[in-house]
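Working notes for the structure below.
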Amino acid sequence: MSAVPTSTWIDMGRDVDLALALSEGRPTGPAADEVRRRLRSYIGQLVDPAEAYAKTLADSRARCIVEQTAEHARALLRDQGGDPATMLRLLGKATYCLMRYVTCADSVA
């Protein structure tokens, strides 16, 4: 799958689940910081392939959704502040969406 090892896909999925679970409480401290760091790393790996996938879509509405999701993910990478729970949730959901787009691209290729 798109130059991302299978073990990394599994790790990404686990970290998304962990981020969403942590965001329900008080996601502060070293463990939550590490999850946020990993999610940012995953987004960095996935955003370009997701944008490439968007360019292959004939449906302009679908293409726009993928492009806006990728743009939002890039904005999250630049944003280092805000509420820790909200940021963890946003990073987790962005990672999940990008993972879906990249796997869709792989299935089409």
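Using a 1.4 Å probe, what is the accessible area per residue for the chain, in Å²?
Working: 6280 Å² over 109 residues.
I get 58 Å² per residue for this part.
If the only charges are +1 at each Lys and Arg Cβ and -1 at each Asp and Glu Cβ, what is the size of the charge dipole of the range 17-77 around the Cα centre, to the nearest 20 debye?
Details: 9 positive and 9 negative charges, 19 e Å.
Roughly 100 debye for the range 17-77.
Taking Cα atoms, how many degrees apart are the long axis of helix 6-22 and the longest axis of the chain, rounded to 10 and kept between 0 and 90?
50
Which ³J(HN,Hα) values in Hz, rounded to whole numbers, follow from the phi angles of the range 61-70 under the Karplus curve 6.51 cos²θ - 1.76 cosθ + 1.60, where θ = phi - 60° and Gly and Pro get x?
5, 4, 4, 5, 4, 5, 4, 5, 5, 5
What value, in deg cm²/dmol to 500, does the helix sum -39500 (n - 2.57) over DSSP H runs of n ≥ 4 give at 222 nm once divided by the residues of the chain?
Counting only the DSSP helices, I get -28000 deg cm²/dmol.
Run the accessible area of the range 4-88 with a 1.4 Å probe and give the carbon-and-sulfur part as a rounded percent.
On the way: 2580 of 4890 Å².
Roughly 53 percent, rounded to a whole number.
Quick one: length gained pulling ARG63 to CYS104 fully straight, 0.36 nm per residue minus the C-alpha distance?
Numbers: separation 41, 0.36 × 41 = 14.76 nm, distance 1.27 nm.
This chain segment gains 13.5 nm when fully extended.
Quick one: net charge around VAL102, please, counting Lys, Arg +1 and Asp, Glu -1 for every other residue with C-beta under 12 Å from its C-beta.
So the environment of VAL102 carries a net charge of -2.
In nm, to one decimal, how far is the GLN80 label point from the THR28 one, both placed 7 Å along Cα→Cβ?
Modelled inter-label distance: 1.9 nm.
Would you mind calculating the relative contact order of the chain from Cα pairs under 8 angstrom and at least 6 residues apart, reporting the percent as a whole number? Spell out each step's value before the answer.
On the way: 104 pairs, mean separation 45.8, N = 109.
For the chain, the relative contact order is 42 percent.
About the Cα centre of the range 37-109, what is the dipole size in debye to 20, counting +1 per Lys and Arg Cβ and -1 per Asp and Glu Cβ, all else neutral? Write out the running numbers ahead of the final one.
Details: 11 positive and 8 negative charges, 41 e Å.
Charge dipole, the range 37-109, about its Cα centre: 200 debye, nearest 20.
Report which label in (1) 10.5; (2) 6.6; (3) 8.6 holds the value of mean projected area of the Cα convex hull in nm² derived from the coordinates of this structure.
Correct label, based on the coordinates given: (2).
Could you sort THR56, THR103 by accessible area so the largest value comes first, with the probe set to 1.4 Å? All intermediate terms of the calculation are to be shown ahead of the outcome.
Values: THR56 100, THR103 45 Å².
Heavy-atom accessible area, descending, gives THR56, THR103.
The values are calculated or read from the model by the stated rules, or taken from the named source; none is laboratory data. On a predicted model such as this, the values are computed, not experimentally measured, just so you know. Cβ atoms come from the backbone with ideal geometry, glycine included; neighbour counts cover every protein chain shown. Side chains are part of the model used for accessible areas, which takes the heavy atoms of the whole protein and leaves out ligands, DNA and RNA. Shrake-Rupley method; radii C 1.70, N 1.55, O 1.52, S 1.80 Å.
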